[in-house]
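Read the structure below first, then the notes.
None of the figures in this text is laboratory data; all of them are computed from the coordinates on show. As the structure is a computational prediction, the values presented were derived from the model and not from experiment. Quick reminder, even Gly has a Cβ in these numbers, built from the backbone with ideal geometry, and neighbours come from all protein chains shown.
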Amino acid sequence: MGEEALVWSAILAMAFVTWLTRVGGFWLMRLVPEGGFIRRALDHLPGALVVAILSPIALEGGWAPTVCIVAAVLIGRAGASALVAVFGSVAVVALIRLVV
Amino acid sequence: MEDSSAKSDASSVTFTLAGARRGAVVCLPLALASIAFGLGFGILARDTGLGLVQALGMSAFVFAGASQMVAMDVWTVPPAVLGLAVAAFAINIRHVVMGAALRPWLRDLPLLQSHAALTFMTDANWAQAMADRRKGERDAAFIVGSGAIMWVGWVCGTGIGHLAGGVIGDPKAFGIDVIVPAFFALTLSSLWPGVRRLHPWLAAAVAAVLAHELMPGGAWHVVVGGLVGATVGGLMRED
């Protein structure tokens, strides 16, 4: 195979396995009876997954993500829209970087 | 916690243009973040030696930022197809857990609709959709609309980054690297279960940090933390 063909094979192979991961969980759950334990676990899955994404970032990513997370939550809690909260907290970090 | 609404889920799930529009509007900040990350990927792809069309093709078809960045990291000429596919699978395995959580929502839809939603699922719009579902969102096209607008941002950003190359300065100066943590923090605050029901989150945090230490690279810590937290949640008594 030529190089161009190999590049496209790599792209399409990555695309295919990635798509499999996107639809895979939906199909795996067919094999699992829903209700009881599974339903409660699924209820808690979103929060747990987001916590799992965030905690290493907050712990090891230096001050910037932590400041940004706190700022986003505070601005959001103050009643601002998600757009304002996200870009407001990002602006806070950019500002601190500018000053420090 | 949500017993009454959980039982009426099946009958009330919809898939409409209005739902797609809601998703696109709510996730507009994410689309802007996608442009910024796309810029980063476009620059990286150009430095790695990918052509413009190849970089655009990868963003359009793979549509998973972290795995694409890693692919650029380990890219060779000619590329090692199998190795790249395995790496992409390892990093995107977290999607499997996310898709499992969508099952109750998508279960009763026609396959074309449920799979459209799954195809456009990314970490951030999934988290947003789950948070909005808790507030009563029942339209599965929400995921398609939010994912599609992020896809447009991601592909456009890739193209601009590849074309502009090094002309753009360090995106970190604008705080772009912290957009995603900020966004996740917001979805988290709307998923807040209350202090007395926090053990699933604590378990998830501890497990994720440990897994991150033991298995750096890939996204295993997300899978492990999510599953541990969900298991603790599943074992909790309902009240």
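For this structure, a couple of remarks:
- Largest GNM mean-square fluctuation across A:41, A:78, A:64, computed for chain A with C-alpha springs under 10 Å, falls on A:78.
- Taking Cα atoms only, the orientation of helix A:37-60 departs from the longest principal axis of chain A by about 60 degrees.
- Counted charge near residue B:68, where neighbours are those whose Cβ lies closer than 14 Å (Asp, Glu -1; Lys, Arg +1): -2
- Rounded to the nearest 500, the 222 nm mean residue ellipticity of chain B from helices alone is -23500 deg cm²/dmol, with -39,500 (n - 2.57) taken per DSSP H run of at least 4 residues.
- By the beta-carbon count within 10 Å of each Cβ, the least crowded to most crowded order of B:198, B:39, fewest first, is B:198, B:39.
- Label point distance in nm, residue B:53-residue B:111, each placed 7 Å from Cα along Cα→Cβ: 3.3 nm
- Least to most buried among B:190, B:67, A:55, B:12 (fewest other Cβ within 10 Å first): B:12, B:190, A:55, B:67
- Using alpha-carbon coordinates, inclination of helix A:3-28 to the longest axis of chain A, degrees: 80 degrees
- Between residue B:73 and residue B:119, the distance separating the two model label sites (each 7 Å from Cα on the Cα→Cβ line) works out to 2.9 nm.
- Long-range amide H partners of residue B:14 with built H, under 5 Å: B:139, B:140
- Inter-part distance, segment A:33-48 to segment B:16-30, computed on C-alpha centroids, equals 26 Å.
- Residue-span extension gain [residue B:18 to residue B:164] - 0.36 nm each, minus C-alpha spacing: 49.0 nm
- Max mean-square fluctuation residue, GNM over chain B, Cα-Cα springs under 10 Å, options B:202, B:44, B:102: B:202
- Axial C-alpha extent at least 27 Å, average Kyte-Doolittle at least -0.5 - helices from chain B (DSSP): B:28-48, B:141-164
- With R₀ fixed at 51 Å, the C-beta to C-beta distance from residue A:34 to residue B:213 puts the FRET efficiency at about 0.90.
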